[in-house]
Each structure stands twice: as structure tokens, then as C-alpha cells.
Amino acid sequence: MLTAADTTALVITLQLAAVTTVVLLLVGTPLAWWLARSHSPVKPVIDAIVALPLVLPPTVLGFYLLLALGPEGAIGGLMESIGAKPLAFTFTGLVIGSVIYSLPFVVQPLQDAFAGIGRRPLEAAATLRAGPLDRFFSIALPLARPGYLTAAVLGFAHTLGEFGVVLMIGGNIPGSTQVLSIAIYDHVESLQYGQAHAVSAVLLVLSFVLLLTVYVLNRRFRVIRL
Amino acid sequence: MRRIVLQLLLYSIAATLSGPLYATELRVAVAANFAETLTEIAARFEADTGQPVTIIRGSTGKLYAQIINGAPFDIFLAADSRRPELLENEGYAITGSRFTYAAGRLVLWSPDPDLVDVDGKVLASNDFRFLAIANPRLAPYGEAARQTLEKLGVWESLRGRIVQGENIGQAYQFVASGNASLGLIARSQPLSSSLAPAGSFWEVPASMHEPIMQQGVLLEDTQHARAFLDFMRAQPAVIVAHGYDLPGQNTHNAYSR
């Protein structure tokens, strides 16, 4: 079964996916809300930027992140000037990379969910003197619940499978930045197919169960909505 | 007019289809660290013989997997001796063709001109945050780096500060981009890079690790392939100029300071 090193990598992977998902839900909510309701001329530009990680090879993201996090780069330079430690090869660095990498998987379902609510429930609440925050938390958020479930699970599952970005900025440090996909790659490259099988099977089952959860629960939500 | 276009089209299709059958293309698969050196040797070979050489670069492990799955290469120049030996034993390489074409050497490099001292004592200090090496499980240069650090007695204490590239190229790039302060890289890399080697170096003595024997094998027994290997053996100066040792000889002049 899994070796101690593989188990550590599994824990790191789950932690990374969990932290990334929480950050993405927090950042993604206002962004998706704005995208769902805005008629601003810059909206298509933001839409396109949010969708970019869907089509870009992760190595492109990783490459730019590596340059940006380095001492000459925008983020790395900033960190250095405020006296903070650089972010490459750290768990925090991986979280930043994963947030960008999984952004569309969280923002797009939320955006669709918010758009699906339409204006009428919110306008009705407004006539009952509900303030904007009240309207958001009592009307929009509960109605967008299936969207949140899809967003959370897709964001989590997509981060589980992250490889290219981590390969570029992770540095493969056990217990800190060595995630499961990298561990599998190492096993395959060093011809240890038995271990590669064990770890791959864990990831396969985990991903399947997560996706199954989304589809089963979403079906139930839809039935309730009808 | 239309007929001419059609004829041209058919002709080009026919040319494309028949191309690989008649061309005497020579394909050399090479471990990424030796690719620059090989490019120079191949250019000389082409100028000498008119025989074009196609270079396929990759990691030794990936190229090995491609070869056992039928990749059409004539020659394989690996970064280690293990994979060529496996290929020979498994019958994918021509028996008796295996030879050591270069011995790899390590240097400790930092772009910072003051960080690395001539004896590499910096490795035992806290003057840096990350040291980049190649993955010891995957790359022969990584294994040599691990042996060196173990011999220096710092392997355990550096745990958590060692970042691993999947190959020596990535380890080099971690240092070149400034994300790691220093790295144990191949001596050939700064010499082959388009960037002039700047900063500080410690040339790791060959006695610090098992020799990094880079071996090659013949995969297809053709006249062109044999001619290329003979040509390569007759070019030791190019190999040494790129920072490699020749098997059985140590050189120390690559980074005279």
C-alpha cells in the first residue's frame, strides 16, 4: 500500500486542495457576483482572463509564476521589499499557483448560479426594504447553493490533479510541496510501477467519488427546486 | 491552371509520403544535459559528411520508456549507465555497442559572486534559504549531489531547504531565475548556456561522488549510426570544452578563478 512518503504527499495534496477551495470561494464570490450582473465594457475582458487557465498549459502558468516569484519578479520583488520571505518552493506559493490554476472551475459555476437567479427575487426583496447585503445573504446565497457545491467540488478536485504548476514552482520538498501527482510522476520515472499504481488508484477513486457527489447532489437539488 | 495546382498538390503529398522511406535520416536521442554538446558535434558531422542528424532531447527515463515502446531512434546517449545497460540486457540495443562517452561533473553555483567559497563551506552555513539539486531518484546528477551532501555531512540538516528539479536542467533554472540561491548543477550547464557563467562556483571534486558515467548505445545497426559514433569518439576536445570529463580522466580547468 502507500508508503509513509506517499501518505505525506496525500495529506499535503488534500491540504492544498482544501485551502485553495476556501480561498477561491472567498475571492470567487464577489468576482462571480459582479460578472453575473455587470454590463460593464470590461466584463468580456475579465471573463476571458478568468477562463484563461482552462486553455493555457499549466507549464505556462508555472513558468510565469516562477519568474514572478523570483527576486527580479513583481511578486518576489514586492515580498523582498517588505522583508517577507520569497514564495517559490513554499506551501503558500503553491496555494497562489493553485488559486490561479483552478479559478475558472470555481468562478464559472458561481457566475452561472447567480445569473440563474435573475433579477426578480432580488427586486422583490428590495421592495420589502431588504438592504443589498441582506438581499445577497438571504436570497442570492441560498438560491445559489447548487452552484456553490459544484464550484467547491470542482475547485477541490481540479486542484487534486494539479501537476504542471507544482512541477514548475514546487521544488518537490517532502512534507511541504511534494503533492501526490508529483509523487506518481517520480514513481513512474524511476520505474517503480507498483507504487505508481497504488498512488494513482487512490487519486482515481478520490476524484471519482468527488465528481459522483456533485452529480448526485445536483440532481437532488434540481428535484427540490422543481 | 487548375491541373497544375492539382499536380503540385499530388506531387507534394507523394513527396511527403515517400520522404521518410528514402531519406537516410539519423535520429539521436540524447539526455537533455548533453544536447548542446551533441548539437555542436552533429553540426560538424553534417558539415563533414552531408548526413543530416535529428536530435531528440529528453530526460533519460522518458527516452528509455519511449525506446522500449518502439520509438524510431538510431542512437541513445543517456545521462547514466543504468538505462543503456537495461536496454542492452532487454535486447533493445545492439549488444556490445555500449560505451561511456562522457563523465559528468558537479559544480556548486550561485549567481551571487560572494556566496560560494572555493571549498563549498557555504553548504554547512545558514547563508542561504534554498539549495537546488536534481531529483536523486530520477537523475544521475541528483544522485551525485545527494552523495556529495552526505559526504559533507549536511544531507540531513539541509532537509526542507533542498529543492529538487525533475532533472538537472530544472535545477539550473531554479538558480538562474533567482528562486534558489545556489544549486549543485552539472559543470557543463553554465558552459553550454547562452548566458555567460557569472557568480561564484565551487567545483565539486570527483572524489565526492560515484562517477556520473554517461553512456551511449546503438539502437539500429546502420552504417550512418556507426559512422556518427566513430565521429563522436574522435571529438574529445568538444566534449571537454563543454565541461565534461572523459572516462578515466579528471579535468579541473573549467572554472579557473
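The values are calculated or read from the model by the stated rules, or taken from the named source; none is laboratory data. The model shown is predicted, which means the values in this text are computed figures rather than measured ones. Please note: Cβ atoms are built from the backbone with ideal geometry, for glycine as well, and neighbour counts cover all protein chains shown.
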| Among the residues of the range A:32-52, which ones are surrounded by fewer than 18 Cβ atoms within 10 Å (Cβ to Cβ) and aliphatic (A, V, I, L, M)? | A:Val42, A:Val45, A:Ile46, A:Ala48, A:Ile49, A:Ala51, A:Leu52
| remark: Picking from B:Leu152, B:Leu87, the residue that is aliphatic (A, V, I, L, M), touching a helix residue (DSSP H, G or I) at 6+ places or on another chain (Cβ under 7 Å) and in the same structural domain as B:Ala65 (by TED's automatic domain parsing) would be B:Leu87
| query | What are the residues in the range A:153-181 that are surrounded by fewer than 24 Cβ atoms within 10 Å (Cβ to Cβ), within 14 Å of chain B (Cβ to nearest Cβ) and among the aliphatic types (A, V, I, L, M), if any? | reply | A:Leu167, A:Ile173
| query | Of these, B:Gly178, B:Gly183, which one is surrounded by fewer than 22 Cβ atoms within 10 Å (Cβ to Cβ) and either facing chain A (nearest Cβ under 9 Å) or touching a residue at least 60 places away in the same chain (Cβ under 8 Å) (or both)? | reply | B:Gly178
| message | So in the range B:1-52, with the set limited to residues that are at pLDDT 90 or above and of a type in the set (D, E, K, R), which one is surrounded by the fewest Cβ atoms within 10 Å (Cβ to Cβ)? | response | B:Asp48
| For the subset of the range B:118-138 comprising residues that are assigned to a loop (DSSP other than H, G, I, E, B) and surrounded by 21 or more Cβ atoms within 10 Å (Cβ to Cβ), which member is farthest from the other protein chains (Cβ to nearest Cβ)? | B:Gly120
| query | Going by the conditions given, is B:Leu191 more than 15 Å from the chain's Cα centre (by Cα), at negative phi and more than 14 Å from chain A (Cβ to nearest Cβ)? | reply | no
| remark: Sole miss for B:Trp202 among (1) touching a Gly at 6+ places or on another chain (Cβ under 6 Å); (2) within 13 Å of chain A (Cβ to nearest Cβ); (3) farther than 24 Å from B:Ser59 by Cα is condition (2)
| message | Let me spell it out: the conditions are (1) aromatic (Phe, Trp, Tyr); (2) at pLDDT below 95; (3) more than 23 Å from B:Gly160 (Cα to Cα), and A:Phe105 meets all of them except one. Which number is the exception? | response | (2)
| message | Please verify whether A:Leu191 is without any contact (Cβ under 8 Å) to a residue 60 or more places away in the chain and closer than 22 Å to B:Leu63 by Cβ, treating the condition exactly as stated. | response | yes
| said: Residue under question is A:Ile75, and the condition is that it be in a helix (DSSP H, G or I), within 14 Å of another protein chain (Cβ to nearest Cβ), surrounded by fewer than 22 Cβ atoms within 10 Å (Cβ to Cβ) and modelled with pLDDT of 90 or more; does it hold? | reply: no
| Looking at the range B:90-149, which of its residues are closer than 22 Å to B:Val217 by Cβ, free of Cβ contacts under 8 Å to residues at least 12 places away in the same chain and not small (Gly, Ala, Ser)? | B:Thr95
| task | From A:Ala51, A:Ala88, A:Ala84, A:Ala68, grab the single residue that is under 19 Å from A:Gly164 (Cα atoms), part of a loop (DSSP other than H, G, I, E, B) and not polar (S, T, N, Q). | result | A:Ala88
| query | If we scan the range B:155-168, do we find a residue that is away from chain A (no Cβ under 11 Å) and touching a residue at least 40 places away in the same chain (Cβ under 8 Å)? | reply | yes
| message | Looking at (1) surrounded by 14 or more Cβ atoms within 10 Å (Cβ to Cβ); (2) part of a loop (DSSP other than H, G, I, E, B), which one does A:Leu103 not meet, given that it meets all the others? | response | (2)
| message | For the range A:78-99, give me each residue that is touching a residue at least 24 places away in the same chain (Cβ under 8 Å) and either within 11 Å of chain B (Cβ to nearest Cβ) or over 14 Å from the mean Cα position of the chain (by Cα) (or both). | response | A:Ala88, A:Phe89, A:Thr90, A:Phe91, A:Gly93
| query | Is there any pair with a first residue in the range B:36-57 that is without any contact (Cβ under 8 Å) to a residue 12 or more places away in the chain and a second that is of a type outside the set (S, T, N, Q) whose Cβ atoms are under 8 Å apart and which are 6 or more apart or on different chains, and what are they? | reply | B:Glu46/B:Pro52; B:Glu46/B:Val53
| query | What number of residues within the range A:58-72 are more than 8 Å from every other protein chain (Cβ to nearest Cβ), buried (at least 17 other Cβ atoms within 10 Å of the Cβ) and touching a Gly at 6+ places or on another chain (Cβ under 6 Å)? | reply | 3
